[in-house]
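The values are calculated or read from the model by the stated rules, or taken from the named source; none is laboratory data. Because the structure is predicted, anything quoted here is derived from the model rather than measured. Positions of Cβ are generated from backbone atoms using ideal geometry, with glycine treated the same way; all protein chains shown enter the neighbour counts. When the accessible area is computed, the model is the full protein with side chains, heavy atoms only, and any ligands, DNA or RNA have been set aside. Shrake-Rupley method; radii C 1.70, N 1.55, O 1.52, S 1.80 Å.
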Amino acid sequence: MGLPRKPVDTKQTKERVVLEPRIDKATNKMDVGGLIIPITNTLTALLYGFANHPKPIAREYYFWRVADELWNRDDLPEHMFIKHPWAEKIIHECINEKYLAIGGAASSGKSHTLAGYGIIKWLARPRDTLVLMTSTTLREARKRVWGSVISLLSVIDGAPINIRDSIGSAN
């Protein structure tokens, strides 16, 4: 499911075809951008690609595909995670940098984008991921990043996450 994407050029179309998870009938395995894994569902394969592909550009592709599968499904009343230039830049930097500080205009999508990134990163590698979210107070966090976390998690059926909203915790 998710949002259909119109390729910008032939090179992008070829990259998308190579990266998109598919079953190799000859080996009865799943090919995720050249990574061979046992056959699984699309979301798990996309999370695997995001967590394990050696190329950052491929991890960006998998991030946006996972976001579409989780939050831009046809069964939701509206798309919850929109790809826009600021979000694309933030995700690019998250994937390519070990440490990152982000500043920007109010209502530019920083908190929501980073909430989505933290959730996807945790779903892909829960044992290796710690997401720290800060704000001036818990009350202010609920209006910003924590509010986005709760909103995004609320539509993931069967997510292996225990939310303790009273103390601002998900594990």
How would Leu138, Leu46 line up by accessible area, probe 1.4 Å, largest first? Leu138, Leu46
How far, in degrees from 0 to 90, does helix 42-52 lean away from the longest principal axis of the Cα atoms of the chain, to the nearest 10? 80
Charged-residue dipole, Cβ positions (Lys, Arg, Asp, Glu), region 91-171 about Cα centre, Debye nearest 20: 160
Using a Förster distance of 22 angstrom, determine the FRET efficiency expected from the C-beta separation of Ile156 and Thr27, and round it to 0.05. 0.10
For region 113-161, the Cα-Cα pair-distance distribution in 5 Å bins from 0, as whole percents, is 5, 20, 29, 26, 15, 5, 0
Would you list which aspartates and glutamates come within 16 Å of Lys143, measuring only between C-alpha atoms, while excluding same-chain residues fewer than 8 positions from it? Asp165
Percent accessible area from carbon and sulfur atoms, the chain, protein chains only, probe 1.4 Å: 55
Relative contact order for region 13-109: what percent, with Cα pairs under 8 Å and sequence separation of 6 or more? 16
Hey, how much of the P(r) for region 46-130 falls beyond 18 Å, as a percent of Cα pairs? 41
Run the helix sum for the chain: -39,500 (n - 2.57) per DSSP H stretch of 4+ residues, divided by residue count, reported at 222 nm to the nearest 500 deg cm²/dmol. -14000 deg cm²/dmol
For the pair Asn41/Asn96, report the inter-label distance in nm, with labels modelled 7 Å from Cα in the Cβ direction. 3.3
What is the sum of charges around Asp75, taking Lys and Arg as +1, Asp and Glu as -1, for the other residues whose C-beta is under 12 Å from the C-beta of Asp75? -3
Could you calculate the FRET efficiency of Lys143 with Lys89 from 1/(1 + (r/R0)^6), where r is the beta carbon distance between them and R0 is 22 Å, rounded to 0.05? 0.40
Gained length - Asp75 relative to Ala105, 0.36 nm times residue gap less alpha-carbon distance: 7.6 nm
Taking the Cα atoms of the chain, what is the range of coordinates along each of the three principal axes, in descending order and whole Å? 55, 35, 33
Relative contact order of the chain, please, whole-number percent, based on alpha carbon pairs below 8 angstrom and at least 6 residues apart. 16
Please give the charge dipole size of the chain, origin at the Cα centre, charges +1 on K and R Cβ atoms and -1 on D and E Cβ atoms. Round to the nearest 20 debye. 280
Could you rank Ser107, Ser154, Ser135, Ser148 by how accessible they are, 1.4 Å probe, largest area first? Ser107, Ser154, Ser135, Ser148
Probe 1.4 Å - accessible area at Ser151, Å² to nearest ten: 50
In region 96-138, what chymotrypsin sites (Phe, Trp or Tyr not before Pro) fall in a loop by DSSP, with at most 11 other Cβ atoms inside 10 Å? Tyr99
For region 48-129, with +1 on Lys and Arg beta carbons and -1 on Asp and Glu, the positive-most of Phe81, Trp71, Ile120 along the dipole: Ile120
Quick check: pseudo-label points 7 Å beyond the Cα along Cα→Cβ at Val17 and Val131, how many nm apart are they? 3.4
